[in-house]
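The values are calculated or read from the model by the stated rules, or taken from the named source; none is laboratory data. Worth saying up front: this structure is predicted, and the values here are computed from it rather than measured. Here the Cβ is made from the backbone with ideal geometry for all residues, glycine too, and neighbour counts use every protein chain on show. Side chains are part of the model used for accessible areas, which takes the heavy atoms of the whole protein and leaves out ligands, DNA and RNA. Shrake-Rupley method; radii C 1.70, N 1.55, O 1.52, S 1.80 Å.
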Amino acid sequence: MLRLAPDVHRQMVGHCLDRVPEEACGLLAGPPGAGTAEVCYPVKNVDESARTYTLDSLGFLRADRDADERGLEVIGVFHSHTHTDAYPSPTDVDKAPDPGWHYVLVSLRHGEAVVRSYRIEDGNVAEEPVVVEGL
Amino acid sequence: MPIDVRMPTVLRQHAGGQATVQANGDTLGDAVEDLVRQFPGLAGQVVTDDGTLHRFVNVYVNDDDVRYLDKLDTKLSEGDVISILPAVAGGDG
């Protein structure tokens, strides 16, 4: 399960909507091993594309440092699908770097944002529940 | 000259579970060699068999991407911090 602090959910979806028509991306940080995202870091998509994303590595570095200073660590990545459902594409699965991460998809296909989260290990995709705390 | 090396979560399992480790070297290449000597599980994770930086990682010395410096020949000075980050990408294209 992935728990999202309400501000994290709002900031993540807001960033995805702001970047339309491009795919948006960013990182989530939380206490190590807890499965709770407490901080959202919007990060530049260097592809500036509606169909692919590459997370800006300097943005990643800064997020990682900030999370470390807060006693948190990067626990996952999110990106938007502007015209497809909130399910990882074959490229998303192929390029997933860390089996410990939560892979969050924000689909904007149907106007209202649909948020889903997945674990991806050795090419196997497993959906997990997403809970927005306090809702 | 020990240099701090910040490890990404995905590689910490190969580095004794530590977030930051230390390596010795006058260049990035030497420091990575020293890392692999200490943690053999890191072999092939940062540098490919043909001796170039793996395309699945981004390596920074302080705030600079070493691909825009001298790659593995980048010189290190006391107080530098090396950060290893996985490349994160996806999409349907």
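Filter region B:54-73 for residues that are of a type outside the set (Val, Ile, Thr), within 13 Å of chain A (Cβ to nearest Cβ) and at negative phi and give the result.
Listed by number, the residues that qualify are B:His54, B:Arg55, B:Phe56, B:Asn58, B:Tyr60, B:Asp63, B:Asp64, B:Asp65, B:Arg67, B:Tyr68.
Open to solvent by 60 Å² or more (accessible area, probe 1.4 Å) and part of a loop (DSSP other than H, G, I, E, B): does that describe B:Asp50?
yes
Checking B:Leu76 against (1) within 14 Å of another protein chain (Cβ to nearest Cβ); (2) in contact (Cβ under 8 Å) with a residue 60 or more places away in the chain, only one condition comes out false. Which one?
The number of the failed condition is (1).
Listed residues A:Glu73, A:Glu23; which is open to solvent by 10 Å² or more (accessible area, probe 1.4 Å) and within 12 Å of chain B (Cβ to nearest Cβ)? Please lay out each step first, then the result.
Values: A:Glu23 fails: open to solvent by 10 Å² or more (accessible area, probe 1.4 Å).
Just one listed residue meets the conditions, A:Glu73.
Out of all the residues in region B:11-21, is one or more open to solvent by 30 Å² or more (accessible area, probe 1.4 Å) and either over 29 Å from A:Gly71 (Cβ atoms) or part of a strand (DSSP E or B) (or both)?
Looking for residues that are open to solvent by 30 Å² or more (accessible area, probe 1.4 Å) and either over 29 Å from A:Gly71 (Cβ atoms) or part of a strand (DSSP E or B) (or both), one finds at least one in region B:11-21, hence yes.
Are any residues in region A:27-48 open to solvent by less than 30 Å² (accessible area, probe 1.4 Å) and at positive phi, and if so, which ones?
A:Gly35
May I ask you to verify whether A:Val125 is closer than 20 Å to A:Pro42 by Cα and either buried (at least 17 other Cβ atoms within 10 Å of the Cβ) or within 14 Å of chain B (Cβ to nearest Cβ) (or both)?
So A:Val125 does not fit the description; no.
(1) within 14 Å of A:Gly26 (Cβ to Cβ); (2) at the interface with chain B (Cβ under 7 Å from one of its Cβ atoms); (3) open to solvent by 40 Å² or more (accessible area, probe 1.4 Å): which one isn't true of A:Arg51, the others all being true?
(1)
When the residues of region A:91-121 are filtered to those that are small (Gly, Ala, Ser), over 14 Å from B:Pro86 (Cα atoms) and crowded, with 16+ Cβ neighbours inside 10 Å, which remaining residue is farthest from the chain's Cα centre (by Cα)? Give the steps one after another, and end with the answer.
Restricting attention to region A:91-121, the residues satisfying the condition of being small (Gly, Ala, Ser) are A:96, A:100, A:107, A:111, A:113, A:117.
Add one more test, that the residue is over 14 Å from B:Pro86 (Cα atoms), and what stays is A:107, A:111, A:113, A:117.
Filter once more, keeping what is crowded, with 16+ Cβ neighbours inside 10 Å: A:107, A:113, A:117.
Values: A:Ser107: 11, A:Ala113: 13, A:Ser117: 8 Å.
Per the stated criteria, the residue is A:Ala113.
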